[in-house]
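Chemist: Below you'll find the structure I mean.
Every number in this text was worked out from the coordinates using simple rules, so none of it is lab data. Please read these numbers as outputs of a predicted model, since none were measured by experiment. Backbone-built Cβ (ideal geometry, glycine too); neighbour counts: all protein chains shown.
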Amino acid sequence: MKTLNAGGKPLRYELERKKVKNINCRPKSDGIVYVSASPRVPVAEIERFLVEKADFFFGAFERLKDHEEKSEINTRSVNFLGKEYPVRIIQNSRETAVFDENECRVFTRLPEPENVLSLIKFAVSERFLQLCRELNAEVWEELKTHGLKPPPTQITIKDMKSRWGSCSYTRGHISINFRLAAYPRETVKAVFWHEYAHYWHHDHSKAFYDFLLKYYPDYFKWHEFLKE
Ligand SMILES: [Zn+2]
């Protein structure tokens, strides 16, 4: 990586020699311009071009960073169940993402933030759905040991604005907010208990909380947090 002086401001860039026409520039949210240029183009010419376009790049850095901050997830790391995982972007003809125990690998032809974010979200949703299915079975079994028999319940992961979860007790369906994927497993489990409790108590009455206190007192460790 090299740093240029662009009107008193540092402009960082990374050059890759490739068989491309002229000069290709891709500013990214890390504040670096990724340049690919034909081996025929001299460095001095590339640098002159970068300095000339510096204002455009500085503007792009701001916009890209802003975009990442507004998103629930960014393109550098994934927060899953309270743990941070690095993201690795691999330029590839496939459009997919794999999220394993160590990292999230994004395979894409087009490593633009918006595209990368949607691929990360896809991979995180898949893994989160898996976890939710596990928790669903776990809570269901715990209810059964108390002699309660909840109906068979389907799980959906959704983007929700103001709720962590919702329960449709007539259809046997619980929806879980995608944002919960970033929180510890126990938090997600508390949401499951909350939604399951609605099978017996449809509102948030005293009886509803008494039910949770009786069958899952751990719920109250997360209650304050979930109310916010
Ligand atoms: Zn509720």
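Chemist: Of all DSSP beta bridges located in the chain, what percent are antiparallel, nearest 5?
Modeler: For the chain, the DSSP antiparallel bridge percentage is about 60.
Chemist: Taking 7 Å along the Cα-to-C-beta vector as the label spot, tell me the E84-K9 distance in nanometres, rounded to one decimal.
Modeler: In this crude spin-label approximation the distance works out to 2.6 nm.
Chemist: Ok, one more. Defining a contact as two alpha carbons under 8 Å apart and six or more residues distant in sequence, what relative contact order in percent does the stretch 1-149 show?
Modeler: Normalised by residue count, the contact order of the stretch 1-149 is 13 percent.
Chemist: Could you work out [θ]222 nm for the chain from helices alone, using -39500 (n - 2.57) per DSSP H run of at least four and dividing by all its residues? Round to the nearest 500 deg cm²/dmol.
Modeler: Calculated from helices alone, the mean residue ellipticity at 222 nm is -13500 deg cm²/dmol.
Chemist: Calculate the length of the line joining the C-alpha centroid of the stretch 185-225 to that of the stretch 115-183, in whole Å.
Modeler: The two parts, judged by their Cα centres, are 15 Å apart.
Chemist: Continuing with the same structure: Under the √(5λ) rule applied to the eigenvalues of the Cα gyration tensor, what semi-axes describe the equivalent ellipsoid of the stretch 77-124? Give them in Å, descending.
Modeler: For the stretch 77-124, the semi-axes come out at 18, 10, 8 Å.
Chemist: Something else: Alpha carbons only, please: Rg and Dmax for the stretch 73-197, in angstrom.
Modeler: Rg then Dmax for the stretch 73-197, in Å: 16.3, 53.
Chemist: Using Stokes-Einstein with the Kirkwood hydrodynamic radius over Cα pairs, what translational diffusion coefficient do you get for the stretch 2-70 at 10 °C and a viscosity of 1.306 mPa s, in µm²/s rounded to a whole number?
Modeler: It comes out at roughly 129 µm²/s.
Chemist: Next up: Expressed as a whole percent, how much of the Cα-Cα distance distribution for the chain exceeds 27 Å?
Modeler: 50 percent
Chemist: Based only on Cα atoms, what mean projected area does the convex hull of the stretch 180-228 have, in nm²?
Modeler: 3.3 nm²
Chemist: On a full-extension model of 0.36 nm per residue, what is the gain between R76 and N22, subtracting their alpha-carbon distance, rounded to one decimal in nm?
Modeler: 16.5 nm
Chemist: Mind listing the phi-derived Karplus ³J(HN,Hα) values for the stretch 79-95, rounded to whole Hz, using 6.51, -1.76 and 1.60 with θ = phi - 60°, and x for any glycine or proline?
Modeler: Calculated HN-Hα couplings, in order: 9, 10, 6, x, 10, 8, 10, x, 10, 10, 9, 10, 6, 7, 7, 7, 10 Hz.
Chemist: What trypsin sites (Lys or Arg not before Pro) in the stretch 1-86 are in a loop by DSSP, with at most 10 other Cβ atoms within 10 Å of the Cβ?
Modeler: K19, K21, R40
Chemist: Something else about it: Rule-of-thumb check for the stretch 125-227: C-alpha Rg over 2.2 N^0.38 Å?
Modeler: For the stretch 125-227, the normalised Cα radius of gyration is 0.98.
Chemist: Near E45, within a Cβ-to-Cβ distance under 15 Å, what is the net charge of the other residues, with Lys and Arg +1 and Asp and Glu -1?
Modeler: Local charge sum for E45: +4.
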